[in-house]
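Some notes on the structure that comes next.
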Amino acid sequence: MNRVVMILDPTDLNVPEMMLAQTIRPERYGEPLSAFALESVPVPYFQSDECLIRVMAAGVNHNGVWAARGYPVDVIDLQRSRGEKHDFHIAGSDASGIVVAVGADVDDISIGDEVVLHCGWWDSDSVADEIMDKSAKIWGYEINFGAFAEFTRVKRQAILPKPAHLSWEQAASYMLCGATAYRMLHGFAPHTVKPGEVVLIWGGSGAQMLDRAKRHEGQQSAIYHQGSAEHLNVRDRSVAALICGQSFHWFEPNNTRLEFKRVLATDNPVFLVWNIRSPDCDGFHIAYERLLSGAFDRYLETLQIDDALEDKIRQFFSGPFQERTFHNCQRLSASGLLERTMSCSYASQPGTPEYVAASNALNTLHQEHQQNGEVTLNYRTRVVYGRV
């Protein structure tokens, strides 16, 4: 078994000194077709808690698109800020391959092991929920030498056995999204999903998502509907609970109340939930508010809708209702800030000039205000609940 303490010497490990890779360079930032180029680059060094993998197949996901465009994060500039010297980036956050070298602190991986790689990258002394640790990064995005090359280096914890019944291509296709979904379903005990339980797929209302879901209609517990708050398109008295997250302000209150009364099979209260941003609590929030007002024409329309919210709430509940508030926050990387902003109803559509301009502005804002790679959005989470 080959072992090294800090860095790889290719001549000692029976691997070439150079490899082919699909690289990204700052002067090519843009659409992936033009941003990626096949080059010969050095095989990466690796540290004692890492392994070197010969890539057999690589998976494609949106990290590669973001890296190629150079926003919301300029990944090469980010890596240089940590002292790295490379003027290129190798993307790719999903892969399958064969172990060709093992770090000195790795004692349970062997040369020749067929493996699948996940994208998690964190220090050995990380917190129990590792992806939330301050050291956590995404291999192939924030970390260079990803999957789009002949060889890659990864942390030991990112290495899993390749299922024998899967091809190399199949094994490289699922881990990033699959692990994210698995963590959502099973990572927060005791709130874990068990066989036979009914689940709500939040945000699963798009036509394409519903079409794909309906291919599995043979499962008796799965029912798929698409509708609006005023017409939910489900049977009378067929719903146990209703929670409206960040959405009630768009509803027509009287028709919504009648529809909710029709479908509810219990006397459970209806919950209306909002995360209300603190727009002037510090310099970042003031600048963010200014950016939203200038970048999105519909943002001011949303504020006008919010002004009418209290009357809508009073119209909606047929009797008394209660309210609770508590502090909440989101700590966001540059890509997280982009996703958070562009998920709002007032945001521009991807591919439009407005989207590109807003993305660049968000990236600049993040760079100006980030601390340890993150900005913090502070909220007052408001929960209003009552019976209809």
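The values are calculated or read from the model by the stated rules, or taken from the named source; none is laboratory data. Predicted model only: the values in this text are computed from it and were never measured. Here Cβ is always computed from backbone atoms with ideal geometry, including for glycine, and neighbour counts include all displayed protein chains.
Overview of values
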item	result
Candidates V73, V116, filtered to the one that is touching a helix residue (DSSP H, G or I) at 6+ places or on another chain (Cβ under 6 Å) and free of Cβ contacts under 8 Å to residues at least 60 places away in the same chain	V116
Qualifying residue in the range 103-115 (condition: in a strand (DSSP E or B), under 30 Å from A357 (Cβ atoms) and of a type outside the set (D, E, K, R))	no
Any chance I313 is loosely packed, with under 15 Cβ neighbours inside 10 Å, in contact (Cβ under 8 Å) with a residue 60 or more places away in the chain and either in contact with a helix residue (DSSP H, G or I) (Cβ under 8 Å, 6 or more places away or on another chain) or under 25 Å from I243 (Cβ atoms) (or both)	no
Subset of the range 343-353 (residues that are within 25 Å of H249 (Cα to Cα) and more than 13 Å from the chain's Cα centre (by Cα))	C344, S345, Y346, A347, S348, Q349, P350
Counted residues, the range 338-360 - those being farther than 15 Å from R69 by Cβ and either in contact with a Cys (Cβ under 7 Å, 6 or more places away or on another chain) or not in a loop (DSSP other than H, G, I, E, B) (or both)	3
Any hit, the range 279-298, residues being acidic (D, E), under 30 Å from D77 (Cβ atoms) and touching a Leu at 6+ places or on another chain (Cβ under 9 Å)	no
Matching entry among K155, K162 (being closer than 23 Å to D107 by Cβ, touching a helix residue (DSSP H, G or I) at 6+ places or on another chain (Cβ under 6 Å), touching a residue at least 12 places away in the same chain (Cβ under 8 Å) and assigned by TED's automatic domain parsing to the domain that holds A57)	K162
So T302, is it modelled with pLDDT under 90, farther than 30 Å from E142 by Cα and surrounded by 15 or more Cβ atoms within 10 Å (Cβ to Cβ)	yes
Top-ranked residue in the range 268-299 [being more than 18 Å from Q370 (Cα to Cα) and among the aromatic types (F, W, Y); ranked as surrounded by the fewest Cβ atoms within 10 Å (Cβ to Cβ)]	F271
Filtered residue count, the range 279-310, keeping only those that are out of contact with any Phe, Trp or Tyr (no Cβ under 7 Å at 6 or more places or on another chain) and either outside the structural domain of L362 (by TED's automatic domain parsing) or not in a helix (DSSP H, G or I) (or both)	6
Members of the range 300-333 that are over 30 Å from G373 (Cα atoms) and of a type in the set (F, W, Y)	F316, F317, F321
Residue under evaluation A136, criteria (1) among the small types (G, A, S); (2) surrounded by 24 or more Cβ atoms within 10 Å (Cβ to Cβ); (3) closer than 14 Å to A179 by Cβ, criterion not met	(2)
Failed item in (1) at pLDDT below 90; (2) under 30 Å from G64 (Cα atoms); (3) of a type in the set (A, V, I, L, M, F, W, C), with A171 passing the rest	(1)
Test: residue in the range 364-379 that is in a helix (DSSP H, G or I), crowded, with 16+ Cβ neighbours inside 10 Å and under 19 Å from the mean Cα position of the chain (by Cα)	yes
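Here is a yes/no grid of residues against (1) buried (at least 18 other Cβ atoms within 10 Å of the Cβ); (2) over 20 Å from N63 (Cβ atoms); (3) in contact with a Lys or Arg (Cβ under 6 Å, 6 or more places away or on another chain):
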{"residue": "F317", "(1), (2), (3)": "yes, yes, no"}
{"residue": "Q322", "(1), (2), (3)": "no, yes, no"}
{"residue": "L337", "(1), (2), (3)": "yes, no, no"}
{"residue": "R340", "(1), (2), (3)": "no, no, no"}
{"residue": "S343", "(1), (2), (3)": "no, no, no"}
{"residue": "P353", "(1), (2), (3)": "no, yes, no"}
